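The numbers here are math on the coordinates, done by the rules we state, and not lab data. Predicted model only: the values in this text are computed from it and were never measured. Glycine also receives a Cβ, built like all others from the backbone with ideal geometry; neighbour counts cover every protein chain displayed.
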């Protein structure tokens, strides 16, 4: 007697039958786009929707699998824990995350822990009491932190612009090293030969990674990193002014470009250069980091800066959380998403 054939098992999860990840991968779209097409929600181009549905039919995927998995959840709510009371980094992430989840009818509860471990624990307990279906942990800096919890077994958790010390969860952070390389390669492309790096305190991982990217970019171009061209100090405009004074009061040749570790430092550097009547970018080109429009657009000249793409971090967190809530397995560990460079007048010749 012949036995019936078993349905195919997903490469990603080992479950019987294809998953939404399989559909998205073969259709060459994001999980969120595949979900919208399969559940006939959201705003998509018709050709995209048709392509996803055709792939799903070819794979034998049941279009309501994700919706059924999500609606088996207990509350259709997700918790967010943050310590970014100012919201400079958290708000773009949360806005994009909320948009991603809202397309599936999922609401969020947001709590601010303000670097208080006991307050964070209280918030976590309250969120658990609300029977949240997942948790997102974000911060005002991407450094490692103690893992949040304890949480009920099986609760999906994602760290965004934050990393757990035990590396046992998925963490999404910007590629600081890659962003620094973008900035320095841009300055080298302008013909600059002596590029100084003014940055923040070395205790921050982002500072160390951006310095590494700076050094690697110089080495790749055959340029030597000169003694005294790397200056680390506080994240302030005053430090930017002080660092420029130190660089340009020193004997010998002067830098012809500055790569600053954030936009606040870069604003201070621009002010000091202007007071010294050093033309930007003709004599010295300047690039910052963060692409904070409050700083970049108000600078004179307007400041070129590396954008960490915080909204994309939020969108990706939403896509991954939906996958986890739908029963998919996602790789744990730290994923570094690419940055982009926004060129403005401070480095445009």
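General observations
- As a proxy for reagent exposure, ranking 295, 242 by other Cβ atoms within 10 Å from fewest up yields 242, 295.
- Look at where the Cα atoms of the range 304-335 and of the range 126-168 average out, and the two centres are 13 Å apart.
- Computed helical MRE - 222 nm, the chain, DSSP H runs ≥ 4 contributing -39500 (n - 2.57), nearest 500: -12500 deg cm²/dmol
- Tail weight of P(r) past 17 Å, computed on alpha-carbon pairs of the range 231-293, percent: 31 percent
- Which of 339, 111 has the fewest Cβ neighbours within 10 Å, and the rest in rising order: 111, 339
- Of every Cα-Cα pair in the range 147-267, the percent that sits beyond 22 Å: 43 percent
- The chain: antiparallel DSSP beta bridges as a percent of all, rounded to 5: 10 percent
- Over the chain, Cα pairs under 8 Å with separation of 6+ residues give a relative contact order of 17 percent.
- In nm, spacing of pseudo-spin labels at residue 193 and residue 311 (7 Å Cα→C-beta vector): 4.1 nm
- Acute angle (nearest 10 degrees) that the helix 205-220 long axis makes with the longest principal axis of the chain, alpha-carbon atoms: 70 degrees
- Candidates 293, 309, 83, ranked by Gaussian network fluctuation over the chain, Cα under 10 Å, top entry: 293
- Column: log10 I(q)/I(0), Debye, Cα scatterers of the range 73-178, q = 0.11 Å⁻¹: -0.31
- Each Cα pair of the range 304-347 feeds into the Kirkwood radius, which the Stokes-Einstein equation turns, at 20 °C and 1.002 mPa s, into a diffusion coefficient of 172 µm²/s.
- Ratio of Rg to Rh over the range 220-262 (Cα coordinates, Kirkwood Rh, two decimals): 0.97
- Kirkwood-type radius of the range 147-216, with distances r between different C-alpha atoms, in Å: 14.4 Å
- Principal-axis tilt of helix 237-249 within the chain, Cα atoms, nearest 10 degrees: 40 degrees
- Scaled radius of gyration (Cα, divided by 2.2 N^0.38 Å) that the chain gives: 1.16
- Between the Cα long axis of helix 117-129 and the first principal axis of the chain there is an angle of about 30°, rounded to the nearest 10.
- Packing-based ranking of 162-172, 261-271, 281-291 yields 261-271, 281-291, 162-172, ordered from highest to lowest mean Cβ neighbour count within 10 Å.
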